[in-house]
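Notes follow the structure.
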Amino acid sequence: MANPYSQEEWQLRLELAACYRLVAHYRMSDLISTHISVRVPGPEHHFLINPYGLFFEEITASNLVKIDLYGAKVEDSPFPVNPAGFVIHSAIHRARDNAQCVLHTHTKAGCAVAAQECGLLPVNQISMEFYGRVAYHEYEGIALNFSEQQRLVADLGDKSVMILRNHGLLSVGDSVSQAFLRMYYLEKACEIQIAAQAGGALQFPSDEVCRRTEQQFNEPGKDVAEGELSDPDANRMAWAALLRLVERIAPDFKQ
């Protein structure tokens with residue numbers, strides 16, 4: 001049977017399916033809950049999301065569901081859509097042109113930090129990627145109410161990651177790879193924080209060092225001093241390596 005999708009959409013489907021498999025591989029999934037969505041090019045504001053009821057390890061390029069901003073399916077699919085998925089994701093896709101991909105998790109470490117008044121702390125180099133770049137949204141119950149969308153979007157602002165208080169983590173990106181890598185390192189930062197807090201008193205770098213490290217992560221090559229190096233290709237090479245991993249462990253994601 002001929003592929004019914006444009007080349008551009010099929011490529012997005014492959015990347016999104018690979019992302020679901022990676023989230024499962026790195027144990028960031030929550031049974032059939034949580035979502036990763038990507039916007040499909042075009043004026044319609046359609047986006048792809050997981051078929052509700054499948055584990056992330058079952059998701060393929062062809063069984064992703066295309067929906068509109070109100071959660072209605074725009075193509076035939078035997079699968080339903082989780083209402084809480086499009087309430088959160090559609091709000092961000094609508095409000096942010098650079099939020100092409102939105103990724104949400106309920107991990108143990110992420111939920112633990114989301115329950116802490118202090119939020120994410122600069123306790124390790126990994127967490128400093130997000131120094132001054134984390135948004136916070138207060139818990140309002142399961143995200144089923146459209147009225148929450150305005151508050152969610154306002155709290156996110158122009159930030160790239162959000163901690164949903166007493167709930168979980170969220171990342172956005174202008175590509176699937178960017179959203180995944182942000183979530184991977186946000187999750188690792190949360191894991192390190194919980195482990196460090198269990199070990200006693202914490203030591204923090206200066207604000208100046210934290211800000212400089214954040215810039216090194218997010219604006220590599222900017223204000224590089226003589227004798228200093230930068231690594232602008234790290235994320236591109238990491239994503240390429242991750243796709244090779246998916247090819248080895250879950251080649252059926254392409255179906």
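Computed from the coordinates by the stated procedures, all read-outs in this text should not be read as laboratory data. These numbers were taken from a predicted model, which means no experiment stands behind them. Backbone-built Cβ (ideal geometry, glycine too); neighbour counts: all protein chains shown.
Using a Gaussian network model of the chain in which every pair of alpha carbons under 10 angstrom is joined by a spring, one finds that among P80, P43, P205 the greatest mean-square fluctuation is at P43. Tally Lys and Arg at +1 and Asp and Glu at -1 over the other residues with C-beta under 10 Å from the C-beta of L164: what net charge comes out? Value of the local net charge: -2. Seen against the Cα atoms of the chain and their longest principal axis, helix 83-95 is set at about 70 degrees. Here the range 152-255 is treated with +1 on each Lys and Arg Cβ and -1 on each Asp and Glu Cβ, and its dipole about the Cα centre works out to around 440 debye. Straight-distance candidates among the aspartates and glutamates for linking to K188, with alpha-carbon spacing under 15 Å and chain neighbours fewer than 8 residues away dropped: E129. For the range 248-254, the Karplus equation 6.51 cos²θ - 1.76 cosθ + 1.60, evaluated at θ = phi - 60°, returns couplings of 7, 8, 8, x, 6, 4, 7 Hz by residue, with Gly and Pro reported as x. Comparing Cα centroids, the range 30-91 and the range 181-248 end up 30 angstrom apart. What label, among (1) 53, 42, 41; (2) 57, 42, 33; (3) 50, 43, 34, belongs to Cα extents along the principal axes in Å computed from the structure on display? Answer label, from the structure shown: (2). Taking S147, S160, S175 in turn, the Gaussian network model of the chain (Cα-Cα springs below 10 Å) assigns the largest fluctuation to S147.
On full extension, the segment bounded by Q255 and R27 gains 79.9 nm, given 0.36 nm per residue less the C-alpha separation. Summing +1 for each Lys or Arg and -1 for each Asp or Glu among the other residues whose beta-carbon sits under 15 angstrom from that of V209 gives -4. Relative contact order, whole percent, for the range 146-215 stands at 14, derived from Cα pairs under 8 Å and 6 or more residues apart. Whole-Hz Karplus values for the range 24-30 come out as 5, 4, 8, 6, 10, 8, 9 Hz, taken residue by residue from phi with 6.51 cos²θ - 1.76 cosθ + 1.60 and θ = phi - 60°; glycine and proline positions read x. When the chain is described by a simple charge dipole with +1 on each Lys and Arg Cβ and -1 on each Asp and Glu Cβ, the residue from P78, C118, N98 located farthest towards its positive end is P78. For the range 237-245, the Karplus equation 6.51 cos²θ - 1.76 cosθ + 1.60, evaluated at θ = phi - 60°, returns couplings of 6, 5, 5, 4, 5, 5, 5, 5, 4 Hz by residue, with Gly and Pro reported as x. Estimated purely from DSSP H runs of n ≥ 4, each contributing -39500 (n - 2.57), the mean residue ellipticity at 222 nm for the chain is -12500 deg cm²/dmol once divided by its residues.
For N82, the residues whose amide H sits under 5 Å from its own are Y52, ignoring neighbours fewer than 5 places away on the same chain, with H placed 1.01 Å from N.
Per residue, the average separation of C-alpha pairs within less than 8 Å and at least 6 apart gives the chain a relative contact order of 21 percent. Charge tally around L48: other residues with Cβ under 13 Å, Lys/Arg +1 each, Asp/Glu -1 each, net -2.
Give the residues of the range 231-255 whose amide nitrogen is closer than 16 Å to a point set 7 Å from the Cα of K73 in the direction of its Cβ. So the set is empty, nothing qualifies.
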